[in-house]
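Take a look at the structure below.
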Amino acid sequence: MYSKRFILTFLVISIFLFSIATAHISVGTCFRNCSQCKKFLGIYFDVQLCDEYCVKFKGKMTPDVEDPDSLAPFITNLNEVQ
């Protein structure tokens, strides 16, 4: 049979790979949500900043068009928009 060391190593590697795959999916969803918000809000939404947050927080902080609190950090100052 397999040794305890082999099984433990296999479990650790599996958990590591699963966490990487999950983070990748979250970041992709975050990018898509940023694009969707840009379509709705146009020049008032800073999509570049939103994308940077997706990468920085690994998709944990995802903007939602229907949630003003999640959009607030990415809304540009209305006076700055030309």
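The values are calculated or read from the model by the stated rules, or taken from the named source; none is laboratory data. It should be emphasised that the depicted structure is a prediction, and the values quoted were computed from it without experimental measurement. A quick note on method: Cβ atoms are made from the backbone with ideal geometry, for glycine too, and the neighbour counts reach across all protein chains shown. To get the accessible areas, we keep the full protein, side chains included, count just its heavy atoms, and leave off ligands, DNA and RNA. Shrake-Rupley method; radii C 1.70, N 1.55, O 1.52, S 1.80 Å.
Within the straight-line cut-off of under 22 Å between alpha carbons, the lysines reachable from K56 are K38, sequence neighbours fewer than 8 places apart in one chain being disregarded. Here I75 sits with roughly 70 square angstrom of accessible surface, probe radius 1.4 Å. Counting charges near Y53 (Lys, Arg +1; Asp, Glu -1) among other residues having Cβ under 15 Å from its Cβ returns a value of -1. Each peptide in 62-71, 30-39, 48-57 was scored by the mean count of other Cβ atoms within 10 Å over its residues; highest first, the order is 30-39, 48-57, 62-71.
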